1. Go over the candidates A:Lys43, A:Lys67, A:Lys75 one by one and state the one that is assigned to a helix (DSSP H, G or I), in the same structural domain as A:Val171 (by TED's automatic domain parsing) and within 19 Å of A:Arg189 (Cα to Cα).
2. When you scan region A:274-291, do you find a residue that is outside the structural domain of A:Arg146 (by TED's automatic domain parsing), in a helix (DSSP H, G or I), touching a residue at least 24 places away in the same chain (Cβ under 8 Å) and in contact with a Lys or Arg (Cβ under 9 Å, 6 or more places away or on another chain), even just one?
3. Of all residues in region A:115-151, count the ones that are surrounded by fewer than 18 Cβ atoms within 10 Å (Cβ to Cβ) and over 28 Å from B:Gly101 (Cβ atoms).
4. For residues that are assigned to a loop (DSSP other than H, G, I, E, B) and small (Gly, Ala, Ser), tally how many sit in region B:116-135.
5. If you take the residues of region B:1-19 that are away from chain A (no Cβ under 13 Å) and surrounded by fewer than 19 Cβ atoms within 10 Å (Cβ to Cβ), which of them is modelled with the lowest pLDDT?
6. Please list, ordered by first then second residue, the pairs with beta carbon atoms under 7 Å, 6 or more apart or interchain, first in region A:21-37 and of a type in the set (Lys, Arg), second in a helix (DSSP H, G or I) and buried (at least 19 other Cβ atoms within 10 Å of the Cβ).
7. Looking only at residues in region B:36-52 that are more than 14 Å from chain A (Cβ to nearest Cβ) and part of a strand (DSSP E or B), which one is farthest from the chain's Cα centre (by Cα)?
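The values are calculated or read from the model by the stated rules, or taken from the named source; none is laboratory data. Everything numeric here is computed off the predicted structure, so don't read it as measured data. With ideal geometry, Cβ positions are generated from the backbone for all residues, glycine too; neighbour counts draw on all protein chains shown.
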Amino acid sequence: MAGGQERVLRRRIKSVQATRKITKAMELIAASQIARAQSRIAKNRPYRDGMARIIIEAAKGDPNAAKKMLGTPEKVDVAVIVVIVGDRGLSGAYNSSALRATERLVIELKSQGTEALIIAVGKKAGPYFRFRGQDVHQTFLGFADRPEFADAQEVAREAAAPFLSGEAQQVLLVSTRFISAATQKVETRQLLPLVDPRGSTEEDEDAKSELVGYTEFEPEAEQLLEDLAPKALESEIFTALLEGSASFHTSQQRAMAAATENADDLSQTLSRIMNRARQDAITTEIMEIVGGAEALRQD
Amino acid sequence: MAEHALGVEIVTPEEVLFAGAANSVVTATSEGDLTVMADHAELVGDVVPGVVKIEVEGEPTIAILIHGGFLQVTTAAGAASGLVEGASETDRTTRVTILAGVAEKATDIDKGRAEAAKAAAEVKLADLRSQSGRTGDDDSTRDALLDLADAEAALARAELRLGTSAVLS
């Protein structure tokens, strides 16, 4: 029956438009969160930069201790992997790309005989790994959207515990870097042992070496490096959480904008089909009436 | 010209508490009290929990409570550019950076909240200590130790806040 088709279409259009309202609202909310997340990254930068400078100085002050505490360990039996994703979905590839990168990393480590201990931040990680039969050592929930420094400290403590007890030899971090509003990239980095920040600021050292005469240390550089390590870990994790949250909101905004646009297209297409169906129904009806009248007249 | 100027920044992971020119900074490392003025020798050290005092020309002393952190003193060309007005990249200046996980301006301390926190921490500590005799598996022992350390840290923070606000008022 032609009228039935029209009714079905009308219902679908209504549902598409209802969904569009939701995606549009989510898009706007995500967009408003991006600015705040970005300003928090900006406020965090002086701390992170200062931390890197202090580590560089301390490492220069005692190269032997630095060699012991920085760099890549030779043999890793157990590696802790901290992965940062979101608490919510509907954010495009944000969650899945970080999770896939983690999965690849686990496989790669396994092929080298290294066991992986996963610490996940974000609600989306647990089910992903459970489905794939991968154990998750610990999961943190509830602050991926709006991380506070205390949250980072808690994660850092759990991540460092197996390292400090000697159970694990390396702590890795898989997170999404917020490079700009247009670019976010999943990155794997080593957290412990500390990575010498000079690796990325080579020219900075050259510029300084002629000016630096003698730097005092209170306490000794070696002790200082030891004290710095947990703080640097907290700082790195906090930065990663902030960048993760900014990336999440950006991905979500983009995904929801695409969904809204798709809903617009869909409702347009559906209304065209519906209008045609309605016209068809009318035409058929007229034909039937005319045909019926014709038949009656001939009688 | 801003030769021999001192720029100070006190930063936490969440915000910049102070950034600007100053006459001197008084703080304490684990090896003793420390006053940094312009042209101080380069130094990297820790900062023990306590009040950092910043003297700014023509302004009352700024007191910032630091719950432990690190400091770096750099004296070089352009070290304090961006912090001291008029200091260019070529002026030899001194920059003090203090990093603290938790810090607050002494005037921002909420005395009532600190008192409540102190009371809560004391109750928690007493509670945890009364349980510490019990033996458990490794994990629960470790968790208990962590809880204990948390409560002790919370108590220390609250006491530091109260002490600071008592000195100020």
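1. Details: A:Lys43 fails: within 19 Å of A:Arg189 (Cα to Cα); A:Lys75 fails: assigned to a helix (DSSP H, G or I).
That would be A:Lys67, the only listed residue that is assigned to a helix (DSSP H, G or I), in the same structural domain as A:Val171 (by TED's automatic domain parsing) and within 19 Å of A:Arg189 (Cα to Cα).
2. yes
3. 9
4. At the first step, the residues of region B:116-135 found to be assigned to a loop (DSSP other than H, G, I, E, B) are B:132-135.
Narrowing the set further to residues that are small (Gly, Ala, Ser) leaves B:132-133.
The qualifying residues number 2.
5. The first filter runs over region B:1-19 and keeps only residues away from chain A (no Cβ under 13 Å), leaving B:1-6.
This time we only want the ones that are surrounded by fewer than 19 Cβ atoms within 10 Å (Cβ to Cβ), so: B:1-4.
Working: B:Met1: 47, B:Ala2: 66, B:Glu3: 77, B:His4: 82.
Only one residue fits best here, namely B:Met1.
6. A:Lys24/A:Thr260
7. Within region B:36-52, the first condition is being more than 14 Å from chain A (Cβ to nearest Cβ), and the residues that meet it are B:37-38, B:50-52.
Next, from what is left, pick out any that are part of a strand (DSSP E or B): B:37, B:50-52.
Numbers: B:Met37: 18, B:Gly50: 6, B:Val51: 7, B:Val52: 7 Å.
Ranking the candidates gives B:Met37 first.
Per-residue answers, yes or no, for (1) of a type in the set (A, V, I, L, M); (2) more than 16 Å from A:Phe178 (Cβ to Cβ); (3) surrounded by fewer than 12 Cβ atoms within 10 Å (Cβ to Cβ); (4) touching a Ser or Thr at 6+ places or on another chain (Cβ under 7 Å):
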site: A:Ala240; (1), (2), (3), (4): yes, no, no, yes
site: A:Phe248; (1), (2), (3), (4): no, no, no, yes
site: A:Ala259; (1), (2), (3), (4): yes, yes, no, yes
site: A:Ala277; (1), (2), (3), (4): yes, yes, no, no
site: A:Glu285; (1), (2), (3), (4): no, yes, no, no
site: A:Ala293; (1), (2), (3), (4): yes, yes, yes, no
